[in-house]
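Visitor: Quick one: this structure, given as structure tokens, is what I'll be asking you about.
Readers should treat all values here as calculations from the given coordinates under stated rules, not as data from a laboratory. If you're wondering where the values come from, they're calculated on a predicted model, not measured in any experiment. Cβ: placed from backbone, ideal geometry, glycine included. Neighbour counts: every protein chain shown.
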Amino acid sequence: MTDVVVGKVSEFGDPGRKVVDVRGKEIGIFQLDKTFYAYHNSCPHMDGPVCQGIVLPLTTEDVDPETCKGLGRGFSKKHTNIVCPWHGMEFDIRTGEHPTDAQFRLRKIPVRVEKDLVYVTV
Ligand code: FES
């Protein structure tokens with residue numbers, strides 16, 4: 001295992017993302033609320049370039065428990081997802097998990113910050 005610098009903290013937005021090639025492997029590095037997350041850029045569905053998809057808050061819908069009628073849609077304040085550009089599967093950036101199907105999850109890569117530099121361990 002080797003630590004590789006993938007940029008300065010200041011080069012990432014918050015929320016922000018970079019997709020880099022490290023020794024022939026594409027890695028997506030995300031910053032959310034001053035915390036970094038990194039994943040292989042390979043979707044668990046069909047290997048699409050998941051880390052290059054759009055970043056969105058999880059869409060929610062309130063439902064009346066009596067009638068099961070929808071009361072309107074909104075966006076989660078707790079969950080931010082990456083949406084795979086091939087078929088639209090979504091994954092929580094903080095956990096790498098699909099919102100409803102635990103068999104689908106992104107493969108994590110260790111990431112850390114040291115002296116304003118972002119490192120991944122590959
Ligand atoms: S390859 Fe990502 S949703 Fe299909």
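Visitor: Treating only the Cβ atoms of Lys and Arg (+1) and Asp and Glu (-1) as charged, compute the dipole magnitude of the range 3-121 about its Cα centre; round to the nearest 20 debye. Could you put the intermediate results ahead of the total?
Guide: Details: 16 positive and 17 negative charges, 78 e Å.
I would put it at about 380 debye.
Visitor: At a Cα cut-off below 20 Å, give the aspartates and glutamates reachable from Lys25, other chains included and same-chain residues fewer than 8 away excluded.
Guide: Asp3, Asp47
Visitor: Over all directions, average the projected area of the Cα convex hull of the chain and note it in nm².
Guide: Numbers: hull surface 34.2 nm².
So the mean shadow area of the Cα hull is 8.6 nm².
Visitor: Using alpha carbons only, how many angstrom separate the centre of the range 43-62 from the centre of the range 88-121?
Guide: The range 43-62 and the range 88-121 have Cα centres separated by 12 Å.
Visitor: If you place +1 on the Cβ of every Lys and Arg and -1 on the Cβ of every Asp and Glu, how big does the dipole about the Cα centre of the range 1-64 come out, in debye to the nearest 20? Can you show the working numbers first?
Guide: Numbers: 6 positive and 10 negative charges, 98 e Å.
The calculated dipole for the range 1-64 is roughly 480 debye.
Visitor: Please turn the phi angles of the range 115-122 into ³J(HN,Hα) values with the Karplus equation 6.51 cos²θ - 1.76 cosθ + 1.60 (θ = phi - 60°), one per residue in order, whole Hz, x for glycine and proline.
Guide: Running phi through 6.51 cos²θ - 1.76 cosθ + 1.60 with θ = phi - 60° gives 6, 6, 10, 9, 10, 10, 10, 10 Hz.
Visitor: To continue, here is another question. List the aspartates and glutamates whose Cα sits under 15 Å from the Cα of Lys69, skipping any in the same chain fewer than 8 residues away.
Guide: Cross-link targets: Glu61.
Visitor: For the chain, what relative contact order do you get, as a whole percent, if you take Cα pairs closer than 8 Å and at least 6 residues apart?
Guide: Numbers: 253 pairs, mean separation 34.0, N = 122.
Here the relative contact order equals 28 percent.
Visitor: Got a sec? Charge dipole of the range 3-121, +1 on Cβ for Lys and Arg, -1 for Asp and Glu; which of Phe104, Gly88, Thr121 is way out at the positive end?
Guide: Most positive-ward Cα: Thr121.
Visitor: Taking 0.36 nm per intervening residue step and subtracting the Cα-Cα distance, what contour gain separates Phe75 from Thr35 on full extension? All intermediate terms of the calculation are to be shown ahead of the outcome.
Guide: Details: separation 40, 0.36 × 40 = 14.40 nm, distance 2.08 nm.
Result for the pair: 12.3 nm of gain on full extension.
Visitor: Straight-line reach from Lys18: which lysines have a Cα under 27 Å away, not including same-chain ones fewer than 8 places off?
Guide: Lys18 reaches Lys8, Lys34, Lys77, Lys78, Lys108, Lys115.
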